[in-house]
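The values are calculated or read from the model by the stated rules, or taken from the named source; none is laboratory data. In this text the structure is predicted, and so the values were computed from the model without any measurement. All Cβ positions, glycine included, derive from the backbone under ideal geometry; neighbour counts span all protein chains shown. SASA here: full protein model, heavy atoms, side chains in, ligands and nucleic acids out. Shrake-Rupley method; radii C 1.70, N 1.55, O 1.52, S 1.80 Å.
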Amino acid sequence: MNLTLKSPLDMHVHLRQDDMLKQVTPFTSSQFAGAVCMPNTQPPVDTIERYRAYVREVTEAASPFAFAPYVPLFFREDFSREELTAAREELFAIKLYPAGVTTNSEGGVAELSKIEPVLDMMQDLDLPLLVHGETHGYSPDREREFVSVYDHIASTFPKLRVIMEHITTSDAAEFLDKHENVFCTVTLHHMLYTLDDMLGGMFDPFLFCKPILKSPKDRAAIQSLVLSGHEKVMFGSDSAPHTEVMKRTEGMAGCFTAPMLLPMLAEFFEDHDKLELMQAFVSDNARRIYGVTPPERTVVLEKAEWTVPPRYGSIVPVNAGQTLRWKLV
Ligand code: DOR
Ligand code: ZN
(Lines give C-alpha, C1' and ligand atoms only; values in the text may rest on other atoms or scores of the structure.)
(Ligands and ions follow the chains in the order given, each with its own letter.)
Protein backbone atom coordinates (compact mmCIF):
# COMPACT_ATOMS: atom_id res chain seq x y z
CA MET A 1 0.00 0.00 0.00
CA ASN A 2 1.32 3.45 -0.96
CA LEU A 3 0.44 6.97 0.04
CA THR A 4 1.16 9.72 -2.48
CA LEU A 5 1.52 13.36 -1.47
CA LYS A 6 1.72 16.34 -3.79
CA SER A 7 4.46 18.82 -2.88
CA PRO A 8 4.32 18.48 0.91
CA LEU A 9 5.48 21.54 2.88
CA ASP A 10 6.93 21.97 6.34
CA MET A 11 5.82 25.47 7.32
CA HIS A 12 8.18 25.80 10.33
CA VAL A 13 11.60 24.24 10.58
CA HIS A 14 15.03 25.14 11.97
CA LEU A 15 17.81 24.28 9.54
CA ARG A 16 20.56 26.21 11.41
CA GLN A 17 23.72 27.16 9.52
CA ASP A 18 27.14 25.88 8.39
CA ASP A 19 27.82 22.18 9.12
CA MET A 20 24.60 21.58 11.01
CA LEU A 21 22.61 23.04 8.10
CA LYS A 22 24.41 20.78 5.63
CA GLN A 23 23.71 17.78 7.83
CA VAL A 24 20.00 18.32 8.56
CA THR A 25 18.65 20.03 5.42
CA PRO A 26 18.48 16.85 3.28
CA PHE A 27 16.06 15.28 5.79
CA THR A 28 13.69 18.14 5.02
CA SER A 29 14.37 18.55 1.29
CA SER A 30 13.97 14.82 0.61
CA GLN A 31 10.47 14.80 2.08
CA PHE A 32 9.22 18.32 1.40
CA ALA A 33 8.99 20.50 -1.70
CA GLY A 34 9.50 23.57 0.44
CA ALA A 35 9.72 24.76 4.02
CA VAL A 36 9.56 27.86 6.15
CA CYS A 37 13.16 28.02 7.37
CA MET A 38 13.32 29.96 10.61
CA PRO A 39 15.68 32.93 10.86
CA ASN A 40 16.92 32.46 14.46
CA THR A 41 20.46 31.77 13.35
CA GLN A 42 23.53 33.46 14.85
CA PRO A 43 23.40 36.29 13.86
CA PRO A 44 19.70 36.24 12.96
CA VAL A 45 18.53 36.64 9.37
CA ASP A 46 17.40 40.22 9.92
CA THR A 47 18.68 42.11 6.85
CA ILE A 48 18.09 41.67 3.13
CA GLU A 49 21.74 40.75 2.61
CA ARG A 50 21.61 38.01 5.23
CA TYR A 51 18.30 36.88 3.81
CA ARG A 52 19.77 36.42 0.33
CA ALA A 53 22.80 34.60 1.69
CA TYR A 54 20.66 32.28 3.81
CA VAL A 55 18.32 31.42 0.92
CA ARG A 56 21.40 30.56 -1.11
CA GLU A 57 22.91 28.44 1.66
CA VAL A 58 19.70 26.47 2.18
CA THR A 59 19.12 25.96 -1.54
CA GLU A 60 22.61 24.51 -1.92
CA ALA A 61 22.22 22.20 1.06
CA ALA A 62 18.80 21.06 -0.21
CA SER A 63 20.12 19.82 -3.55
CA PRO A 64 19.60 17.64 -5.54
CA PHE A 65 15.97 18.05 -4.52
CA ALA A 66 13.82 20.82 -5.97
CA PHE A 67 13.07 22.74 -2.81
CA ALA A 68 11.65 26.18 -2.04
CA PRO A 69 13.20 27.83 1.03
CA TYR A 70 10.66 30.27 2.46
CA VAL A 71 12.73 32.36 4.85
CA PRO A 72 10.95 34.90 7.05
CA LEU A 73 13.04 37.90 8.09
CA PHE A 74 13.76 38.13 11.81
CA PHE A 75 11.64 41.03 13.13
CA ARG A 76 13.46 44.29 13.85
CA GLU A 77 11.69 47.20 15.46
CA ASP A 78 13.66 49.56 13.23
CA PHE A 79 12.71 48.16 9.83
CA SER A 80 12.06 51.15 7.58
CA ARG A 81 9.29 51.44 5.04
CA GLU A 82 11.89 52.04 2.29
CA GLU A 83 13.83 48.90 3.23
CA LEU A 84 10.78 46.62 3.25
CA THR A 85 9.17 48.18 0.20
CA ALA A 86 12.32 47.85 -1.89
CA ALA A 87 12.66 44.17 -1.01
CA ARG A 88 8.95 43.28 -1.00
CA GLU A 89 9.05 41.17 -4.17
CA GLU A 90 11.68 38.79 -2.78
CA LEU A 91 10.46 38.67 0.80
CA PHE A 92 8.22 35.94 2.16
CA ALA A 93 7.21 37.10 5.65
CA ILE A 94 8.56 38.37 8.97
CA LYS A 95 8.97 36.31 12.14
CA LEU A 96 8.50 37.94 15.51
CA TYR A 97 10.16 36.54 18.62
CA PRO A 98 9.59 38.23 21.96
CA ALA A 99 13.15 38.76 23.26
CA GLY A 100 14.53 35.78 25.14
CA VAL A 101 11.52 33.43 24.89
CA THR A 102 13.42 30.70 23.07
CA THR A 103 16.69 29.65 21.39
CA ASN A 104 18.60 32.55 19.77
CA SER A 105 15.83 35.06 20.38
CA GLU A 106 17.87 37.51 22.47
CA GLY A 107 17.67 40.01 19.63
CA GLY A 108 13.88 39.73 19.49
CA VAL A 109 11.30 42.31 20.49
CA ALA A 110 11.75 43.68 24.00
CA GLU A 111 8.65 45.86 24.05
CA LEU A 112 5.60 44.66 22.15
CA SER A 113 4.06 48.13 22.48
CA LYS A 114 6.66 49.42 20.00
CA ILE A 115 6.01 47.11 17.07
CA GLU A 116 2.93 48.75 15.59
CA PRO A 117 4.67 51.01 13.05
CA VAL A 118 6.30 47.94 11.50
CA LEU A 119 3.03 45.97 11.60
CA ASP A 120 1.37 48.85 9.81
CA MET A 121 3.99 48.69 7.02
CA MET A 122 3.62 44.92 6.82
CA GLN A 123 -0.13 45.23 6.48
CA ASP A 124 0.30 47.75 3.64
CA LEU A 125 2.84 45.51 1.92
CA ASP A 126 0.79 42.34 2.54
CA LEU A 127 3.73 40.69 4.33
CA PRO A 128 2.57 37.92 6.68
CA LEU A 129 3.54 38.06 10.37
CA LEU A 130 4.71 34.80 11.96
CA VAL A 131 4.78 34.82 15.74
CA HIS A 132 6.37 32.79 18.51
CA GLY A 133 3.45 33.55 20.81
CA GLU A 134 4.64 33.17 24.38
CA THR A 135 4.90 35.62 27.27
CA HIS A 136 7.61 35.48 29.95
CA GLY A 137 5.10 34.14 32.50
CA TYR A 138 4.85 30.75 34.21
CA SER A 139 5.93 28.35 31.47
CA PRO A 140 2.75 26.23 31.10
CA ASP A 141 0.69 29.45 30.84
CA ARG A 142 2.87 31.41 28.40
CA GLU A 143 0.90 30.65 25.27
CA ARG A 144 -2.50 31.20 26.92
CA GLU A 145 -1.28 34.56 28.21
CA PHE A 146 -0.18 35.56 24.73
CA VAL A 147 -3.62 35.09 23.16
CA SER A 148 -4.61 38.63 24.16
CA VAL A 149 -1.58 39.93 22.22
CA TYR A 150 -2.73 38.02 19.13
CA ASP A 151 -6.20 39.45 19.64
CA HIS A 152 -4.88 43.00 19.79
CA ILE A 153 -2.68 42.60 16.70
CA ALA A 154 -5.34 40.85 14.62
CA SER A 155 -8.02 43.42 15.41
CA THR A 156 -5.75 46.46 15.03
CA PHE A 157 -4.43 45.22 11.66
CA PRO A 158 -7.35 43.32 10.12
CA LYS A 159 -5.65 42.90 6.73
CA LEU A 160 -2.39 41.57 8.19
CA ARG A 161 -2.09 37.78 7.98
CA VAL A 162 -1.04 36.61 11.44
CA ILE A 163 0.28 33.08 11.87
CA MET A 164 0.32 31.67 15.38
CA GLU A 165 3.30 29.34 15.22
CA HIS A 166 3.31 25.89 16.85
CA ILE A 167 0.10 26.22 18.86
CA THR A 168 -0.20 23.90 21.84
CA THR A 169 -3.29 24.88 23.84
CA SER A 170 -7.07 24.65 23.66
CA ASP A 171 -7.13 28.45 24.10
CA ALA A 172 -5.13 29.08 20.93
CA ALA A 173 -7.16 26.49 19.03
CA GLU A 174 -10.41 28.21 20.03
CA PHE A 175 -9.01 31.66 19.26
CA LEU A 176 -8.21 30.64 15.67
CA ASP A 177 -11.75 31.32 14.48
CA LYS A 178 -12.13 34.70 16.14
CA HIS A 179 -10.42 36.65 13.34
CA GLU A 180 -10.40 35.99 9.62
CA ASN A 181 -6.76 37.04 9.38
CA VAL A 182 -5.42 34.55 11.95
CA PHE A 183 -3.92 31.18 10.97
CA CYS A 184 -1.70 28.64 12.73
CA THR A 185 0.89 25.90 12.42
CA VAL A 186 0.90 22.69 14.46
CA THR A 187 3.89 20.44 15.20
CA LEU A 188 4.00 16.67 15.24
CA HIS A 189 5.36 16.54 18.78
CA HIS A 190 2.63 18.73 20.26
CA MET A 191 0.02 16.49 18.59
CA LEU A 192 1.58 13.31 19.96
CA TYR A 193 3.06 14.03 23.38
CA THR A 194 2.20 15.64 26.69
CA LEU A 195 4.36 17.03 29.48
CA ASP A 196 4.26 13.60 31.12
CA ASP A 197 6.16 12.08 28.21
CA MET A 198 8.98 14.49 28.97
CA LEU A 199 9.04 14.40 32.77
CA GLY A 200 6.37 12.07 34.11
CA GLY A 201 8.93 9.27 34.43
CA MET A 202 12.63 9.57 33.75
CA PHE A 203 13.38 13.01 32.31
CA ASP A 204 13.63 12.95 28.51
CA PRO A 205 15.68 15.96 27.39
CA PHE A 206 14.95 15.21 23.73
CA LEU A 207 11.30 16.12 24.25
CA PHE A 208 12.17 19.47 25.83
CA CYS A 209 11.04 22.25 23.53
CA LYS A 210 9.45 25.70 23.51
CA PRO A 211 6.54 26.02 23.88
CA ILE A 212 6.77 23.14 26.36
CA LEU A 213 4.53 20.12 25.90
CA LYS A 214 1.12 20.55 27.50
CA SER A 215 -1.70 18.61 29.20
CA PRO A 216 -3.73 15.73 27.73
CA LYS A 217 -6.66 18.16 27.42
CA ASP A 218 -4.62 20.62 25.36
CA ARG A 219 -3.20 17.84 23.21
CA ALA A 220 -6.73 16.58 22.57
CA ALA A 221 -7.79 20.07 21.47
CA ILE A 222 -4.87 20.31 19.04
CA GLN A 223 -5.59 16.83 17.69
CA SER A 224 -9.29 17.60 17.18
CA LEU A 225 -8.40 20.82 15.40
CA VAL A 226 -6.13 18.98 12.95
CA LEU A 227 -8.56 16.07 12.56
CA SER A 228 -11.42 18.48 11.81
CA GLY A 229 -9.59 19.34 8.58
CA HIS A 230 -9.60 23.03 9.52
CA GLU A 231 -8.51 25.13 6.54
CA LYS A 232 -6.52 27.63 8.62
CA VAL A 233 -4.23 24.98 10.05
CA MET A 234 -0.86 24.13 8.48
CA PHE A 235 1.76 21.58 9.36
CA GLY A 236 4.97 23.12 10.73
CA SER A 237 7.27 20.61 12.42
CA ASP A 238 9.42 23.01 14.45
CA SER A 239 12.12 20.37 14.06
CA ALA A 240 14.97 22.04 15.94
CA PRO A 241 18.29 20.17 16.05
CA HIS A 242 20.82 20.58 18.82
CA THR A 243 23.75 18.26 19.41
CA GLU A 244 23.27 15.60 22.07
CA VAL A 245 25.94 17.32 24.17
CA MET A 246 24.15 20.67 24.03
CA LYS A 247 20.81 19.05 24.88
CA ARG A 248 22.27 17.22 27.85
CA THR A 249 24.65 19.82 29.23
CA GLU A 250 23.12 23.17 28.28
CA GLY A 251 19.46 22.12 28.35
CA MET A 252 18.73 23.47 24.87
CA ALA A 253 15.06 23.50 23.84
CA GLY A 254 14.12 21.81 20.58
CA CYS A 255 12.87 18.46 19.27
CA PHE A 256 14.60 16.93 16.27
CA THR A 257 11.88 15.27 14.21
CA ALA A 258 12.86 16.03 10.61
CA PRO A 259 13.80 12.49 9.43
CA MET A 260 10.49 10.86 10.39
CA LEU A 261 7.90 13.58 9.85
CA LEU A 262 5.84 12.24 6.94
CA PRO A 263 5.96 8.61 8.17
CA MET A 264 4.76 9.66 11.62
CA LEU A 265 2.12 12.02 10.26
CA ALA A 266 0.80 9.20 8.08
CA GLU A 267 0.65 7.00 11.16
CA PHE A 268 -1.22 9.68 13.08
CA PHE A 269 -3.84 10.26 10.38
CA GLU A 270 -4.20 6.53 9.76
CA ASP A 271 -4.69 5.81 13.47
CA HIS A 272 -7.60 8.26 13.38
CA ASP A 273 -8.97 6.91 10.10
CA LYS A 274 -8.39 10.29 8.45
CA LEU A 275 -5.55 9.69 5.97
CA GLU A 276 -7.50 11.69 3.38
CA LEU A 277 -6.92 14.87 5.44
CA MET A 278 -3.15 14.69 5.31
CA GLN A 279 -2.66 16.36 1.89
CA ALA A 280 -4.43 19.56 2.94
CA PHE A 281 -2.62 19.67 6.28
CA VAL A 282 0.86 19.19 4.78
CA SER A 283 0.45 21.31 1.68
CA ASP A 284 -2.84 22.64 0.31
CA ASN A 285 -3.75 24.85 3.27
CA ALA A 286 -0.32 26.47 3.31
CA ARG A 287 -0.37 27.11 -0.43
CA ARG A 288 -3.72 28.85 -0.13
CA ILE A 289 -2.92 30.84 3.00
CA TYR A 290 0.49 32.05 1.78
CA GLY A 291 -0.26 32.02 -1.95
CA VAL A 292 2.93 30.04 -2.63
CA THR A 293 3.54 27.63 -5.49
CA PRO A 294 6.26 25.18 -4.45
CA PRO A 295 8.09 22.98 -6.97
CA GLU A 296 5.82 20.23 -8.23
CA ARG A 297 6.92 17.04 -6.57
CA THR A 298 5.34 13.73 -5.77
CA VAL A 299 6.41 12.17 -2.50
CA VAL A 300 5.49 8.54 -1.93
CA LEU A 301 5.30 6.62 1.34
CA GLU A 302 5.00 2.86 1.45
CA LYS A 303 3.63 0.61 4.17
CA ALA A 304 6.96 -0.77 5.37
CA GLU A 305 8.44 -0.89 8.84
CA TRP A 306 11.67 0.78 9.83
CA THR A 307 13.27 1.64 13.14
CA VAL A 308 14.42 5.14 13.99
CA PRO A 309 18.19 5.06 14.65
CA PRO A 310 19.57 6.08 18.06
CA ARG A 311 21.26 9.15 16.58
CA TYR A 312 21.93 11.00 13.37
CA GLY A 313 25.56 12.02 13.75
CA SER A 314 25.64 14.11 16.92
CA ILE A 315 21.85 14.64 17.02
CA VAL A 316 19.39 12.42 18.90
CA PRO A 317 15.88 12.31 17.40
CA VAL A 318 12.80 12.45 19.66
CA ASN A 319 11.77 8.87 19.14
CA ALA A 320 15.02 6.96 18.76
CA GLY A 321 14.42 3.22 18.63
CA GLN A 322 10.74 3.45 17.73
CA THR A 323 9.47 1.24 14.90
CA LEU A 324 7.36 3.13 12.35
CA ARG A 325 4.85 1.69 9.90
CA TRP A 326 5.36 4.07 6.96
CA LYS A 327 8.54 4.65 5.04
CA LEU A 328 9.62 7.20 2.47
CA VAL A 329 10.13 5.56 -0.94
O1 DOR B 1 12.02 24.27 21.08
C2 DOR B 1 12.32 25.19 20.35
N3 DOR B 1 13.51 25.23 19.71
N4 DOR B 1 11.45 26.19 20.17
C5 DOR B 1 11.77 27.30 19.48
O6 DOR B 1 10.95 28.17 19.40
C7 DOR B 1 13.11 27.45 18.89
C8 DOR B 1 13.74 26.17 18.66
C9 DOR B 1 15.21 26.28 18.39
O10 DOR B 1 15.59 27.13 17.58
O11 DOR B 1 15.97 25.50 18.93
ZN1 ZN C 1 10.59 27.14 15.89
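Of all residue pairs spaced 6 or more apart or on separate chains, those with beta-carbon atoms under 9 Å, a first member in region 101-129 that is crowded, with 19+ Cβ neighbours inside 10 Å and a second member that is among the aromatic types (F, W, Y) and part of a helix (DSSP H, G or I) are P128/Y290. Of the listed requirements (1) open to solvent by 10 Å² or more (accessible area, probe 1.4 Å); (2) touching a residue at least 40 places away in the same chain (Cβ under 8 Å); (3) away from ligand 1 (no atom under 16 Å from the Cβ), G201 misses just one: (2). Filtered by the rule that a residue be of a type outside the set (S, T, N, Q) and either exposed (fewer than 15 other Cβ atoms within 10 Å of the Cβ) or touching a Lys or Arg at 6+ places or on another chain (Cβ under 7 Å) (or both), region 276-288 gives E276, R288. Checking each residue in region 13-48 for being at positive phi and within 16 Å of ligand 2 (Cβ to nearest atom) picks out only R16. For region 236-266, a tally of residues being open to solvent by 30 Å² or more (accessible area, probe 1.4 Å) and under 15 Å from P8 (Cβ atoms) returns 0. The condition of being open to solvent by less than 40 Å² (accessible area, probe 1.4 Å), over 18 Å from the mean Cα position of the chain (by Cα) and at pLDDT 95 or above holds for only one of L3, L21, that being L3. With respect to the conditions (1) touching a residue at least 60 places away in the same chain (Cβ under 8 Å); (2) away from ligand 1 (no atom under 16 Å from the Cβ); (3) buried (at least 23 other Cβ atoms within 10 Å of the Cβ), V233 lacks only one, and its number is (1). When F32, F92, F27, F67 are screened for being over 23 Å from L262 (Cα atoms) and open to solvent by less than 70 Å² (accessible area, probe 1.4 Å), only F92 passes. When E302 is tested against the conditions (1) assigned to a helix (DSSP H, G or I); (2) farther than 20 Å from M20 by Cβ, the lone failure is (1). Candidates T243, T298, T257: the one that is modelled with pLDDT of 95 or more and either more than 16 Å from ligand 1 (Cβ to nearest atom) or more than 21 Å from the chain's Cα centre (by Cα) (or both) is T298. Count of region 306-319 residues, restricted to those that are open to solvent by 50 Å² or more (accessible area, probe 1.4 Å) and either part of a loop (DSSP other than H, G, I, E, B) or aliphatic (A, V, I, L, M) (or both), is 4. In region 223-282, the residue that is farthest from G133 (Cα to Cα) out of those that are of a type in the set (S, T, Y) and within 16 Å of ligand 2 (Cβ to nearest atom) is T257.
Scan region 146-205 residue by residue and report those that are within 16 Å of ligand 2 (Cβ to nearest atom), in a helix (DSSP H, G or I) and of a type in the set (A, V, I, L, M). Within region 146-205, A172, L188, M191 meet the criteria. Among the conditions (1) in contact with a His (Cβ under 8 Å, 6 or more places away or on another chain); (2) open to solvent by 20 Å² or more (accessible area, probe 1.4 Å); (3) within 16 Å of ligand 2 (Cβ to nearest atom), F208 misses just one, which is (1). Flag not set for P64, criterion: in contact with a strand residue (DSSP E or B) (Cβ under 7 Å, 6 or more places away or on another chain) and of a type outside the set (D, E). Say whether the condition of being assigned to a helix (DSSP H, G or I), in contact with a strand residue (DSSP E or B) (Cβ under 9 Å, 6 or more places away or on another chain), at pLDDT 95 or above and within 16 Å of ligand 1 (Cβ to nearest atom) is met by at least one residue in region 278-286. No, that holds for no residue.
Of the numbered conditions (1) within 16 Å of ligand 2 (Cβ to nearest atom); (2) part of a helix (DSSP H, G or I), L130 fails exactly one; give the number of that condition. Single failed check for L130: (2).
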